[in-house]
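Reviewing the structure listed below.
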Amino acid sequence: MKPLAELDARAVRAVLLDIDETLTTGGKLTGDAYAALERLRAAGKIVVPVTGRPAGWCDHIARMWPVDAVVGENGAFYFFFSEGKLHKRFLDEAPARARQRARLDAVARRILAEVPGSALATDQPYRETDLAIDYCEDVLPLGLESAERIATLMRDSGLNAKISSIHVNGWFGAYDKLATSRLLFEERFGLDLGRSNREVVFVGDSANDAPMFGFFENSVGVANVRRFEGRLAAPPKYVTREASGAGFVELAEHLLRGR
């Protein structure tokens with residue numbers, strides 16, 4: 001991972017960002033981090049959070065934050081707010097989501113029985129498509145070994161599974177953060193992220209960001225990504241000096257200087 005100072009910011013048109021411990025710090029959104037979002041958008045950048053957080057949160061984010069859209073539940077959908085209305089684009093139709101919910105509930109019961117100390121994420125009631133198991137947000141931290149055990153149980157049950165900085169998320173379907181980000185940019189902004197790769201920065205902090213780290217030439221990890229060193233299928237190309245929200249602010253300032 002190269003230092004952030006080596007990233008050429010002159011061509012960057014869009015900023016995609018993880019939320020938990022990338023934009024936030026210790027679970028809180030600081031004023032500086034939120035202001036950095038606003039400054040990027042005011043400078044004409046397309047700003048899109050790409051998160052594992054639930055549909056309920058993403059409704060609020062799309063409506064209230066200075067962003068152009070949000071990808072949620074690890075790629076299950078994207079939402080955007082336009083002309084005074086919230087627009088929702090799910091990858092799976094409502095009947096399929098309802099059928100999958102019962103299967104996810106059964107998987108959750110097995111995991112909670114087999115991994116002591118784990119719990120359903122407190123934001124689970126606001127989710128439309130996936131299962132989120134808490135291993136260190138509102139429970140006593142279990143460590144990455146327990147997170148990997150949870151992910152294995154999910155995969156054994158036929159789910160896709162990704163480990164974030166706080167949860168293990170599992171879902172049915174072929175989508176992920178990258179696939180739905182590409183769909184969003186094609187449908188909403190008329191951009192092919194493959195051809196426009198150098199015009200986009202992605203910033204994240206954990207294993208569920210690996211598809212984005214691998215795809216984008218300008219992928220950035222905030223400093224706490226080093227916690228997952230050796231466990232990432234693809235590491236970021238660049239890394240900030242600062243961790244979490246302060247690292248995001250550092251990136252925003254670098255991009256704004258490079259205009």
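The values are calculated or read from the model by the stated rules, or taken from the named source; none is laboratory data. Just so it is clear, the model here is predicted, and its values are computed rather than measured. In this analysis, Cβ positions are derived from the backbone assuming ideal geometry, glycine residues included, and neighbour counts consider all displayed protein chains. For the accessible areas, the whole protein counts, side chains as well, though only heavy atoms, and no ligand, DNA or RNA atoms are used. Shrake-Rupley method; radii C 1.70, N 1.55, O 1.52, S 1.80 Å.
Ranking Trp171, Trp65, Trp57 by solvent-accessible area of protein heavy atoms (1.4 Å probe, all protein chains present), from largest to smallest, gives Trp57, Trp65, Trp171. When the surface is traced with a 1.4 Å probe over the full set of protein chains, Arg110 keeps roughly 90 Å² accessible.
The residue among Leu140, Thr152, Ala108 whose Cα reaches farthest toward the positive pole of the charge dipole of the range 64-157, with charges on the beta-carbon of Lys, Arg, Asp and Glu, is Ala108.
In summary, no helical segment of the chain meets the span-like criteria, namely a full DSSP H run, a Cα extent along the axis of 15 angstrom or more and a mean Kyte-Doolittle hydropathy of at least 1.6.
Basic side chains Lys and Arg get +1 at the Cβ, acidic Asp and Glu get -1 at the Cβ, and with that the dipole of the chain about its Cα centre reaches some 440 debye. Considering only Leu17, Gly27, Leu40, the residue lying farthest towards the positive end of the dipole of the chain is Leu40, judged by Cα position with unit charges set on Cβ. Taking the protein heavy atoms of the chain in the context of the full set of protein chains, the accessible area attributed to carbon and sulfur is 49 percent at 1.4 Å.
Taking a ≥ b ≥ c as the square roots of the eigenvalues of the Cα gyration tensor of the range 134-181, is the shape rounded (a/c under 1.5), prolate (a/b larger than b/c) or oblate? Note, shape of the range 134-181 comes out oblate. Both radii are taken from the alpha-carbon atoms of the range 77-116; with Rh as the Kirkwood radius, Rg/Rh is 1.25. Taking the three principal axes of the alpha carbon atoms in the range 90-145, the coordinate ranges are 36, 19, 18 Å, sorted in descending order.
Treat the range 171-238 as a sphere of radius equal to its Kirkwood radius over Cα pairs and apply Stokes-Einstein at 37 °C in a medium of 0.692 mPa s; give the translational diffusion coefficient in µm²/s, rounded to a whole number. Estimated diffusion coefficient is 263 µm²/s.
Among the trypsin sites (Lys or Arg not before Pro) within the range 1-90, those in coil by DSSP and having at most 15 neighbouring Cβ atoms inside 10 Å are Arg10, Arg13.
Counting alpha carbon pairs within less than 8 Å and at least 6 residues apart, what relative contact order, in whole percent, applies to the chain? Display every interim value, and only then the final one.
On the way: 519 pairs, mean separation 64.4, N = 259.
Rounded, it is 25 percent for the chain.
Can you give the % of DSSP beta bridges in the chain that are antiparallel, to the nearest 5? Can you show the working numbers first?
Values: 20 of 36 bridges.
Roughly 55 percent of the DSSP beta bridges within the chain come out antiparallel.
When the inverse distances between all different Cα atoms of the chain are averaged and flipped, the Kirkwood radius reads 18.3 angstrom.
Can you give me the Rg/Rh ratio for the range 133-259, using Cα atoms for both radii and the Kirkwood formula for Rh? The partial results should precede the final answer.
Values: Rg = 15.7 Å, Rh = 15.7 Å.
Here Rg/Rh amounts to 1.00.
Give the total of Lys-Lys pairs in the chain with Cα-Cα distances below 19 Å; include a pair only if its members are 8 or more places apart or on different chains. Total qualifying Lys-Lys pairs in the chain comes to 4.
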